[in-house]
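The values are calculated or read from the model by the stated rules, or taken from the named source; none is laboratory data. Keep in mind the model is a prediction, meaning the values are calculated, not measured. Backbone-built Cβ (ideal geometry, glycine too); neighbour counts: all protein chains shown. These accessible areas exclude ligands, DNA and RNA; they are computed on the full protein's heavy atoms, side chains included. Shrake-Rupley method; radii C 1.70, N 1.55, O 1.52, S 1.80 Å.
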Amino acid sequence: MTYHLPAGKALGGPYIVDITPEKAGWGHAGLRILELPPGGSHSFETGESEWIVVPLSGGCTVAAADDFGRDTFELRGRRDVFSGVSDFAYVPRDARAAVTSAAGGRFALTGARCERRLPARYGAASDVPVELRGTGNCSRQVNNFGAAGVFECDKLIAVEVITPGGNWSSFPPHKHDEHRPGEESVLEEIYYFEFAGHDGIPGLGYQRVSPSGPGRDTDVLAEVRDGDVVLIPDGWHGPSMATPGHHMYYLNVMAGPEAERAWLICDHPDHAWVRDTWPDQPVDPRLPLYTAPETSA
């Protein structure tokens with residue numbers, strides 16, 4: 001199994017990234033990245049999955065229709081992932097959806113196979129909690145637009161992480177591949193990367209995933225660039241390392257078989273002590289890169 005998919009290696013139909021549970025070899029999490037030209041439109045059936053459509057660059061209209069009615073949401077979006085929080089739209093399973101963009105753009109469709117059919121909804125950028133996690137060179141920003149306890153889904157968990165150039169995130173390494181009630185939940189995970197360039201030079205970073213035990217042998221050490229994807233069915237994941245001078249963005253999509261939708265993790269025992277050093281260090285002064293707007297336009 002190939003867990004690191006460089007840009008262009010996960011193409012599928014109209015999508016520049018098309019990760020389905022079947023392609024990933026697991027049961028729940030999926031991700032599609034859609035690029036639309038000005039005036040472009042794309043329609044799809046949601047099938048057995050729930051979806052959150054979140055603009056990476058540009059704005060769009062999201063329409064969802066089923067036997068119960070039709071909903072339409074105008075997403076203002078953003079210039080790019082380093083310039084602001086975006087609004088988003090939730091589209092339920094067993095529906096027909098369409099994404100249309102007057103000016104064009106790039107849009108993430110984060111998905112998860114699910115059982116319950118929840119109503120289509122709009123998520124305002126002003127309601128997205130922006131969290132600063134870690135301190136020192138472990139400082140990063142987390143946009144919790146689709147986090148458990150923030151926005152209701154059946155199975156899907158989705159967040160954005162921004163790591164300033166030179167910093168490490170997803171650290172200490174952690175895992176969520178065992179069912180241990182109240183301590184750890186089983187979640188498949190997808191990382192999708194973008195980087196801030198400098199004077200026309202593209203950015204890059206590095207991603208590590210290491211085996212966490214018998215039968216959980218995912219092993220990745222990858223140089224990642226714009227549009228790359230890393231699949232994490234199991235294992236200790238982290239660090240995610242941003243090279244100096246280039247901010248790193250990644251979109252995390254998670255889902256699993258647990259009855260409770262929760263992000264419960266276990267830190268690697270060799271590195272968990274790092275958390276104890278955080279109270280003695282300041283948060284990187286470059287963060288937050290931005291905050292959620294007070295109100296959405």
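Overview of results
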item	result
Of residues in the stretch 199-235 being over 14 Å from Tyr249 (Cβ atoms) and aliphatic (A, V, I, L, M), the one most open to solvent (accessible area, probe 1.4 Å)	Leu221
Matching residues, the stretch 7-25, being surrounded by 15 or more Cβ atoms within 10 Å (Cβ to Cβ) and not aromatic (Phe, Trp, Tyr)	Ala7, Ala10, Ile16, Val17, Asp18, Ile19, Thr20, Pro21, Ala24
Some residue of the stretch 266-281 being in a helix (DSSP H, G or I), among the basic types (Lys, Arg) and either under 20 Å from Ala29 (Cα atoms) or in contact (Cβ under 8 Å) with a residue 40 or more places away in the chain (or both)	yes
Extreme residue, nearest to the chain's Cα centre (by Cα), among residues of the stretch 11-25 that are under 20 Å from Asp234 (Cα atoms) and part of a loop (DSSP other than H, G, I, E, B)	Thr20
Whichever residue in the stretch 264-297 is of a type in the set (S, T, N, Q) and either loosely packed, with under 13 Cβ neighbours inside 10 Å or under 30 Å from Lys155 (Cα atoms) (or both) and, among such residues, is nearest to the chain's Cα centre (by Cα)	Thr291
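Let's see how each residue does on (1) buried (at least 24 other Cβ atoms within 10 Å of the Cβ); (2) hydrophobic (A, V, I, L, M, F, W, C); (3) under 30 Å from Thr46 (Cα atoms):
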| site | (1), (2), (3) |
| --- | --- |
| Val128 | yes, yes, yes |
| Gln141 | yes, no, no |
| Gly149 | no, no, yes |
| Glu152 | no, no, yes |
| Val161 | no, yes, yes |
| Arg180 | no, no, no |
| Glu184 | no, no, yes |
| Leu187 | yes, yes, yes |
| Gly197 | no, no, no |
